[in-house]
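Comments concern the structure below.
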Amino acid sequence: MKTETIVSKIKSGDTQALRFVYELFYKPVYQAAYYITNDTGLAEDTVHEVFLKIQYKINQLEDPFKLEAWLCRMATNTARDIIRHRSRSTLFAEARGIYSDNQLFSPDTILLENEEKQAIKQQIDGLQLEHRQVIYLKYYREMSYEEISTALGIPVGTVKSRLFHARQEIKKLIEPKGSFKRRSIFIDPEEVKQS
């Protein structure tokens, strides 16, 4: 079913379309919520609130093709609201693998990689919320600058600026410790394409 068809059916009150959207977008909405809350219960609460809000807020969606980004943005905002009300701190979700699938891992390599992931996660956890959001969307959801801009409702230039400052801060805190020499995680593939 096409996204624009789904959106028009939701606007007309079709509950089957809502169920379809829930099944289709549950995972990315949950991941966005979990990223902000770092708590499975709060992330579930957020997901349910987002999908309850769809019927009331669907008319705010200007481009049906950006439904997923719109839902993830709602999840991020809803999760922040929940945290504010419950006075909880936000943490970052578990980091995904840094290295390519074809690399052979020895026990030492796996241990080193896990230590690196934990160190990176700790540094990311210490960033401002705005920086954590763009890092998450860029490197863990693999969104383009434009998609991040749409999801967060900020200009592309602001996305790039936040990513730059977040990477610089992480780099400054981690690299003096002498680790992460095998592959820099701070290289942005889009910046490499442009040069």
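Of note:
- Yes/no for Ile83 being surrounded by 15 or more Cβ atoms within 10 Å (Cβ to Cβ), under 30 Å from Glu23 (Cβ atoms) and modelled with pLDDT of 80 or more: no
- From the options Thr37, Thr78, residue that is within 20 Å of His131 (Cα to Cα) and modelled with pLDDT of 85 or more: Thr78
- Residue match in the stretch 50-58 (condition: modelled with pLDDT under 90, in a helix (DSSP H, G or I), of a type in the set (A, V, I, L, M) and under 15 Å from the mean Cα position of the chain (by Cα)): no
- In the condition set (1) over 30 Å from Phe65 (Cα atoms); (2) at pLDDT 85 or above, Gln123 is compliant with all but (2).
The values are calculated or read from the model by the stated rules, or taken from the named source; none is laboratory data. Source: prediction; values computed, not measured. Every residue, glycine among them, receives a Cβ derived from its backbone with ideal geometry; neighbour counts consider all protein chains shown.
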